[in-house]
Amino acid sequence: MLSFVHRHASKVIGALSGFDRVRLRGTLRWLANPRGMMNYLFAIQKPLKEFKEYAKDATQRVVAAGEQVAEAAGRPVEYLNSSALRKEDRAREIARADGITEGLICVLTCVEPCMSYRLSGDRQTKKLRLHYGSSKCLHQYFYCLDPQLGFLHLRLQTWFPFTMHVCINGRDWLGKQMDAAGLSYLRRDNCFAEVSDVPAAQRLLDRQLRVNWNSFLQRLTKQFHPVHRELFRDPELTYYWSIDESEWATDVMFRSPTDLQELYPRLIRHGMTGLSSPDVLRFLGRKPTVDGGLHGNFTGEVTTDLKHRPEGMRIKHRLNRNSIKMYDKQRTVLRVETTINDSRDMKVYRRPEGDSQAPKKWLRMRKGVADVRRRAQISQAANERYLESMAAVDGGEPLGALTAPLCRPATWKGQQVRALNPLAAEDALLLKAVNRGEFSINGFRNRDLRALLYEGEPADEAESRRRSSAVTRRMRMLRAHGLIAKVARTHRYVLTAAASKAIAALLAAQRADAAQLSQLAA
């Protein structure tokens, strides 16, 4: 990222990185599955035949409590006929009309899909059974302007198991922080076009990661779901908070719209062609072939996700349910944003849950707020690698100067390593593989490259070992030339800043025809 900012230093005010939007989920874990729910009913001495009336009574109390919160604040409760209506727009409209600058704005209610319980009879056993599955129920949306966090909403499911969602806007939160710190700024929509002290604003964004998330989420629960403690006092049930979706945005603030408009089309073109990562329905878990095609057993549709949106043109690369995208925002802000919906492919260095004495090791990253800092670290690294790649656009450095070191032998741990031949098919395929867009988020492993370099070629156990050794030697060659670096305590590797520039230039040169190259050389 520093390369990109430094390259355009005369046109850039600075860059801010932090959460854009975060959607958190509050779950009563004991009640989140039929077995746990049955155990809970046993603990409170409630027969299964009485569950329906018990659940109805609890729902009525939850709904009434929400209405009392609105009444106490003098704010309206409004029912929406369709879940497709944009509730945030309606809440902001009410806030403007009523001049609300702090506190509860309104409570919007709507019947929406959910996961809940129902009873049915088992014909074989002649007993009642509790089922957990898709249903519909009334949801309450509490929109407010929080003095600490800014504009947010809490969504409460009014049927068992009373799941909650809280959506926080990190840029709104930053605005509150800068107001308290006395920093001046120019805000347009959900981004800052100018900030009087960029390093100070970045420190405020960093401070968001150090808050006690459980503490302020409990505060919101107590404020908008006051009946919870009455319903689940004995035994006491508390919400477990996880992150359903996080958007981590890096905003590069340009000095004028002209500066960004001149550069942005070239960035988009580089993102579409130089990164080799069109959107190929990766959210379906389908891996493309090396040449960008599809495996033979795939029958879906391949799309390139380049869209014109109200705020600007957007390019998006997906890997399963995670993505990284870039778009121009409010004429002077270049935003790169990593969205994490599924953390299963990511790792965190920690102790196993429930064993405080065990040694730390790399384990799957949890969705819980305990791993929020690691989530931010991975997202920031993805944004930085993406912007480092974009620094190659209009680099002004001759292709020969970029690639000359790669075409000479190198040394790795005292042993000579051969030179790269970027125009040879084997080395070109290797460079194209390590430069794939999906690896910008979490790096790649030996087996990831094997799947790409030997795609469609069957192999027995002995051949698999041979291929693994061959890929290891190629990765060692890339490390010797400074193109990839190992992620500490993992078997994953990422491209270096120098590699991003050099490979982008080489791939662009390979795609250019002789006439284009002759014209550029003239």
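No lab work stands behind these numbers, since they all come straight from the coordinates. A quick note: this is a predicted structure, and the numbers were derived from the prediction, not measured. Note that we place each Cβ from the backbone using ideal geometry, even for glycine, and neighbour counts take in every protein chain shown.
Computed values, structure above
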| item | result |
| --- | --- |
| Stokes-Einstein D in µm²/s, Kirkwood radius over Cα pairs - the range 86-149 at 37 °C with 0.692 mPa s viscosity | 222 µm²/s |
| Protection proxy ranking of 209-220, 378-389 - average other beta-carbon atoms within 10 Å, highest first | 378-389, 209-220 |
| Segments 418-425, 355-362 sorted - mean Cβ within 10 Å per residue, highest first | 418-425, 355-362 |
| Potential lengthening between ASP189 and ASP89 on full extension [0.36 nm per residue; Cα-Cα distance subtracted] | 34.7 nm |
| Proxy reagent accessibility, fewest Cβ within 10 Å first, across THR158, THR496 | THR496, THR158 |
| In nm, spacing of pseudo-spin labels at LEU423 and GLU67 (7 Å Cα→C-beta vector) | 7.9 nm |
| Inter-centroid distance (Cα atoms) of the range 1-44 relative to the range 453-487, Å | 35 Å |
| Protection proxy ranking, peptides 66-72, 124-130, average beta carbon neighbours within 10 Å, highest first | 66-72, 124-130 |
| Rh (Kirkwood; distinct C-alpha pairs) - the range 20-244, Å | 19.4 Å |
| Counted charge near GLU230, where neighbours are those whose Cβ lies closer than 13 Å (Asp, Glu -1; Lys, Arg +1) | +1 |
| Relative contact order computed over the range 20-244 (Cα-Cα under 8 Å; 6+ residues apart), in percent | 27 percent |
| Estimated inter-spin distance, TYR454 and LYS361, nm [label 7 Å along Cα→Cβ] | 2.7 nm |
| Estimated FRET transfer efficiency (ASP197, GLN261; beta-carbon r; R0 35 Å; 0.05) | 0.85 |
| With eigenvalues of the C-alpha gyration tensor scaled by 5 and rooted, the range 72-183, Å | 38, 16, 10 |
| GLU353-GLU230 pseudo-label distance in nm [points 7 Å out on the Cα-to-Cβ vector] | 3.2 nm |
| Net length gained if the chain between ARG96 and LYS486 were fully extended (0.36 nm per residue, minus Cα distance) | 135.2 nm |
| Calculated [θ] (222 nm, deg cm²/dmol) that DSSP helices of n ≥ 4 give over the chain, each run adding -39,500 (n - 2.57) | -11500 deg cm²/dmol |
| Projected area, mean over directions - the chain, Cα convex hull, nm² | 31.7 nm² |
| Cβ-based exposure ranking for SER246, SER135, in which fewest neighbours within 10 Å come first | SER135, SER246 |
| Net lengthening on full extension, TYR54/THR125 (0.36 nm per residue, minus Cα-Cα) | 23.2 nm |
| Only Lys, Arg (+1) and Asp, Glu (-1) charged, at Cβ; the range 20-244 dipole about Cα centre in debye | 1060 debye |
| Reachable aspartates and glutamates from LYS136, criterion Cα separation under 19 angstrom, eight or more residues apart if same chain | GLU53, ASP57, GLU78, GLU112 |
